[in-house]
Structure formats: C-alpha cells, structure tokens
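Below is one structure, written out as structure tokens, with a few remarks after it.
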Amino acid sequence: MRRRSLAALLFCLLALALTFGGCGTALLNLIDPVNLKVHRSTEYYDVRGATSGEILEYLETHSLADAQGRRLAGTTASSWRLEWSTLPQSASCYLQKITIGLNLVVTLPRHEHLDSLEEEARANWDMLVMHIAEHEQRHVDIELEAARRLEQHIRAMPTASSCAELKQALDATSKIHRSEADKVHRQFHVEDAARRQAERTSIQAQIDANRGRLAVVESEIWGLDRTLSDLGHQLATAQDQGGAVEMKALAVERRKAVSRKATFEQESAQLKSLINRLTEKYKFTW
C-alpha cells in the first residue's frame, strides 16, 4: 500500500513538473540527471641518450611535434562530448539524462635505459620529467575546471520550448566553455614561459659570474706560468755562476709560485665543473 501511494505521489509530481515547468530549468529536478564522466590515460614516447647532451639532442629531433612542426616534450589531448536524452511526452523539452564525457590523454617522455644513466644525467632527466609532468597536469586541471563549469551551466539552463532549441543551447554552451578553456591554456603558456625565463635568467647570472671568476683565475695561472718560466731561467743562471744564496732565494720564490698555481688550478677545475652543471641545469629547465 505504501509503495502504491509513493508511486502515485511521484507520478503527480512528474505531471505537475511537466505541466508547469515552462518557467523552470531544462532539468527535471526529481533526480539529478547531470553526470560528468572523466576518462584519463597516460601514454609515453621513448627517449634515448647516455649523457645529458645526448638526451637533449634526441629530444630536439625526435620528441613530439605540433601541427606547426614545433617540438613538444609533452602533450595533453582533450575532448569532451555531450550525450543526452529527453523525457518523452512532455510539452517542453526536459533533459532526462546528460553525460559530459571528458577524455584526457597525457603523453610524457620515458627513457629507454633509465637505470644505465650516470648520476648527473639521471638527476637532470628526473628534473626534466618532473617539470614536464607538472606542466601537463596544469593542462589537465584546466580541462577539469572547464568541464565542471560546463556542468554547472547546464544545471542552470532554462527550459527549452523544443528539443531543437535545447540542442542548440547545449551546443552553444559547450562551444563557449571550450573557447574559455583554450584561452586559459594559452594564458598558462604565457605565464609558464615567463616562469621558465626567470629561472633561466637566474641560472645564466650564476654562469656569467662564475665565468668571470674563471677568467681571473686563468689569468693568474697564465701569469704564474710566466713567473715560473722566468724563475727557471734565473735559477739556471745562478747555478752557472755559483750563487748559492741567490739560488736558495729563487727556490723559495719558485715553491711559493708552484703552490699558488696549484691552488688556482684547483679553483679553475671547480669553476669549470660548476659552470658545466649550471649549463646543464639551464638546458633542462623546462
């Protein structure tokens, strides 16, 4: 008896909604018919190279490419589709069910022989992949945000007098949100490029400062080589002339010059190593 009464009540509510729904929304609110269905997948393309330089060279020639032929380290392909049905035998056109199907395919690089990379190359690779993944995740977030806004917009759509009018409204709404999402993607690229340029500018400043110091150190080494050469000639002359005191003084001076040169050579090696690491970091800043 209770089931029959409940069924009768639902029938009455449905009839009232169909009769007086002209000033409501396109949705019949007894049951929420809007469903956002997201399908996400990740694909990979293989990358080769034993060193950081080889990896970059491979990416420059074998990575993904857009329609204009520009190389892309990663991509996010997205599409959405509206599938809907209407309530039968209604004066106006009501949505019985609508599914927003959002399909996302993220493509990322994957090294063929990751475990064989040396420590420095592995660190550079891991940093690069992390940045690429973060970049593509932002594109995914933009798509999800746009789909949710589309979902909210559909919930608030007014009743359509015909299903043809409803289809036109849904298509227009979908295009609006697609266009807005594309704008957000473009703005993100502008902001991300500015972020990347700022990071590279900072790294370049460090490279330039260390190169400046290296030039000074190399100049000191060159000057000490000249000094050691002159001291060698002076020692030879003093030895020929039997000047023991002079030879002793020259030997002390020579040892000091050798020690200073060794110190500068050590600093030179450290600076060159640091510059190389910074240069690799600059290249791998994505």
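Quick notes on this structure:
- Filtered residues of segment 109-127 (kept if crowded, with 18+ Cβ neighbours inside 10 Å and touching a strand residue (DSSP E or B) at 6+ places or on another chain (Cβ under 8 Å)): Pro109, His111, Leu117, Trp125
- Test set (1) of a type outside the set (A, V, I, L, M); (2) out of contact with any Gly (no Cβ under 9 Å at 6 or more places or on another chain); (3) surrounded by fewer than 18 Cβ atoms within 10 Å (Cβ to Cβ) - Arg81 fails condition number: (2)
- All of Leu235, Leu271, Leu231 fail the test of being part of a helix (DSSP H, G or I), touching a Leu at 6+ places or on another chain (Cβ under 7 Å) and modelled with pLDDT under 90, apart from Leu235.
- In a residue-by-residue description of segment 187-201, the property of being of a type in the set (Lys, Arg) and either in the same structural domain as His39 (by TED's automatic domain parsing) or not in a helix (DSSP H, G or I) (or both) applies to no position.
- Looking across Ile176, Ile207, one residue alone is assigned to a helix (DSSP H, G or I) and either under 30 Å from Gln270 (Cα atoms) or not β-branched (Val, Ile, Thr) (or both). It is Ile207.
- Matching residues, segment 143-163, being of a type in the set (D, E, K, R) and farther than 23 Å from Arg186 by Cα: Arg155
- Residue within segment 77-84 that is touching a strand residue (DSSP E or B) at 6+ places or on another chain (Cβ under 9 Å) and within 19 Å of Ala123 (Cα to Cα) present: no
- Of all residues in segment 254-286, those being surrounded by 15 or more Cβ atoms within 10 Å (Cβ to Cβ) and more than 46 Å from the chain's Cα centre (by Cα) number 3.
- Residue within segment 213-228 that is in contact with a Gly (Cβ under 6 Å, 6 or more places away or on another chain) and of a type outside the set (Gly, Ala, Ser) present: no
- The condition (being small (Gly, Ala, Ser), assigned by TED's automatic domain parsing to the domain that holds Gln266, modelled with pLDDT under 95 and out of contact with any Pro (no Cβ under 9 Å at 6 or more places or on another chain)) is satisfied by just one residue among Gly212, Gly242, Gly223: Gly242.
- Failed condition for Arg122, given (1) touching a residue at least 12 places away in the same chain (Cβ under 8 Å); (2) within 22 Å of Leu278 (Cα to Cα): (1)
- Members of segment 173-193 found to be among the aliphatic types (A, V, I, L, M) and at pLDDT 95 or above, listed by number: Ile176, Ala181, Val184, Val190
- Selected residue [polar (S, T, N, Q) and surrounded by 12 or more Cβ atoms within 10 Å (Cβ to Cβ)] from Gln204, Gln187: Gln204
- When restricted to residues that are in contact (Cβ under 8 Å) with a residue 24 or more places away in the chain, more than 16 Å from Glu57 (Cα to Cα) and not small (Gly, Ala, Ser), segment 125-136 contains 5.
- Condition check for Asp182: charged (D, E, K, R), without any contact (Cβ under 8 Å) to a residue 12 or more places away in the chain and surrounded by 12 or more Cβ atoms within 10 Å (Cβ to Cβ): yes
- Residue that is more than 24 Å from Arg178 (Cβ to Cβ), aromatic (Phe, Trp, Tyr) and within 18 Å of the chain's Cα centre (by Cα), where the choices are Tyr44, Tyr94: Tyr44
The values are calculated or read from the model by the stated rules, or taken from the named source; none is laboratory data. Predicted model, so just to flag it, every value in this text is computed and none were measured. Cβ: placed from backbone, ideal geometry, glycine included. Neighbour counts: every protein chain shown.
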